[in-house]
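Structure below; questions to follow.
Quick note: the coordinates plus some simple rules give every number you see, no bench work behind them. Keep in mind that what you see is a predicted model, and the values were worked out from it rather than measured. Cβ atoms come from the backbone with ideal geometry, glycine included; neighbour counts cover every protein chain shown.
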Amino acid sequence: MVVCHNYEVLVVPLREVGSQNQAGFRPKVVVTRNLGPDVMPLLYERSDLDLVLWPEDRVADRSWLLENIPGAAGVLVMITEKVDKELLEAAGPSLKVASTMSVGYEHADLSELGKRGIKFGYTPDVLTDAVADLSVMLALMAGRNAGQVITLVQDSKWPASPWAPFAFCGPQLSTTPISAKRTVGFLGFGRISQATLARLVPFGITDCVYSSNPTSQPTPSRDEALAKKHGLKSLRRVNVDELARESDVLFVLAPGGPTTRHLVNEEFLKKMKKTSILVNTSRGTLVDSDALGKALREGWIWGAGLDVVEGEPHIAADHVLVKEPRCVVLPHIGSATLETRVGMATLAVQNLLAALDGKEMPASIDLSNRS
């Protein structure tokens, strides 16, 4: 018995790879992390499969993965393991499916998967509520200078900080008689953005603006229905310049990749209000860290709340954003609730098993145009 993230995990001996049953050789499945007592039984109960499990609660060694992947029919990975040409060549033609316990798939070479006709599963939707919750939390923390004042207490400096009328004040998220209008903005307006908006409505948000992929079609009927549902004065799709200028709080919730890299740059940040808050819970690459650090130092915006940072996890105390007192940086914990992680792990296993059984995967990426 071992303890893993507060779970007691029963370590079941792995079956000998390649052993025979009545149907012949059992397909090999490689899994790069123990998924806990709620999910591992879904794999252990499949006596028709040979399970190869990375035995430690850390990133699987690349050498171990390359050593064990040959001849595998399926592989289940975390976002920390690369599914690239090298791995796929090592696996050989037996590999039918790769499943990732993540909504992002930058670690997987979709083109190489498509060329080989390998199915690819991921875990969208499950983490929508958890990330929306955290997005609102970061907006509140950044606006109320949480990083700065928490440090004050932890460093025993509170007694030396006399009370003052405007000490540690920041912009209020909710509407007030003084500020009766609050505009929330979204860079990207998918499921998580819409779930975040729903959570903000009780704060008295009056208006919403968003910017989407330029190639996507406008959806005025949906926008009108959302505005009516939430009692908003307006909900509009705008260009990125208007988004920067109008947002009191701006949530970055767009996909990563080369086309969205540094969408939030120095030019963008200079257009924002001095009292505005920037929140990024999607991908660190969307925000230019150096530009954001400069914006915070020079007061172009009020503060920032980040769950993701470009270059993570190699972010130390001397990082340009960690050094900024009005920037709250979290270690990419958007989906880190017990309920969400169990849901993600379950879906990742379901994707894997469905593909091996010749069934439709619950959540997969269409690779037909990438071969």
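Check the straight Cα-Cα distances from Lys233 and name the lysines below 19 Å, setting aside those fewer than 8 residues away within the same chain.
Cross-link targets: Lys181.
Say a paramagnetic label sat at a point 7 Å from the Cα of Cys169, along Cα to Cβ; which residues of the range 191-222 have their backbone N under 20 Å from it?
Counting only backbone N, you get no residues.
Return the long-range amide H neighbours of Leu278 (sequence gap of 5 or more, or a different chain), with a cut-off of under 5 Å between placed amide H atoms.
The answer is Leu250, Gly303, Ala304, Gly305.
Still on this model: I'd like the Karplus ³J(HN,Hα) series for the range 187-194: coefficients 6.51, -1.76, 1.60, θ = phi - 60°, whole numbers in Hz, and an x wherever there's a Gly or Pro.
Karplus values, whole Hz, x for Gly and Pro: 8, x, 9, x, 4, 5, 4, 5.
Kindly provide the pair-distance distribution of the range 108-234 built from C-alpha pairs, with 5 Å bins from 0 and whole-percent values in order of increasing distance.
Histogramming the range 108-234 at 5 Å steps yields 2, 8, 13, 15, 14, 12, 10, 9, 7, 5, 3, 1, 1, 0 percent.
Per-residue counts of other Cβ atoms within 10 Å, averaged by peptide: what ranking do you get for 292-301, 148-157, highest first?
The packing order, highest mean first, is 292-301, 148-157.
In degrees, nearest 10, range 0 to 90: what is the angle between the Cα axis of helix 128-143 and the longest Cα principal axis of the chain?
For 128-143 against the chain, the angle is about 30 degrees.
Only bridges whose two residues both fall in the chain count here: according to DSSP, what percent of them are antiparallel, nearest 5?
The answer is about 15 percent antiparallel.
How far apart, in nm, are the 7 Å Cα→Cβ label points at Glu360 and Ala227?
3.6 nm
With only alpha-carbon atoms in the gyration tensor, what are the semi-axes of the equivalent ellipsoid for the range 128-329, in Å, largest first?
Gyration-tensor ellipsoid for the range 128-329: 28, 21, 14 Å.
Stretch Thr215-Val238 to full length: gain in nm at 0.36 nm per residue minus the Cα-Cα span?
Stretched out fully, the Thr215 to Val238 stretch lengthens by 6.9 nm.
Here's another thing I want to ask about it. Could you sort the peptides 177-183, 320-326, 158-164, 348-354 by per-residue average Cβ neighbour count (10 Å cutoff), highest mean leading?
348-354, 320-326, 177-183, 158-164
Rounded, prolate or oblate: which fits the range 60-101 when a ≥ b ≥ c are the square roots of the eigenvalues of the alpha-carbon gyration tensor, with rounded for a/c under 1.5 and prolate only if a/b beats b/c?
oblate
Give the calculated FRET efficiency between Asp84 and Glu266 to the nearest 0.05, with a Förster radius of 30 Å applied to their Cβ-Cβ distance.
For Asp84 and Glu266, the calculated efficiency is 0.35.
Which of Lys271/Lys294; Lys85/Lys359; Lys96/Lys359; Lys82/Lys119; Lys157/Lys294; Lys115/Lys359 have a Cα-Cα distance over 18 Å?
Lys85/Lys359; Lys157/Lys294; Lys115/Lys359
I would also like to ask the following. Taking N as the number of residues in the range 216-371, what value does Rg over Cα atoms divided by 2.2 N^0.38 Å take?
The reported ratio for this selection is 1.27.
Could you give the length gained by full extension between Phe203 and Ser156, i.e. 0.36 nm per residue of separation minus their alpha carbon distance, to one decimal place?
13.6 nm is the gain from fully extending Phe203 to Ser156.
Å³ per residue of the Cα convex hull, for the chain?
Hull volume over Cα atoms, normalised by residue count, gives 163 Å³.
I need the peptides 245-255, 104-114 ranked by packing, meaning the mean over residues of other C-beta atoms within 10 angstrom, with the highest value on top.
Final packing ranking: 245-255, 104-114.
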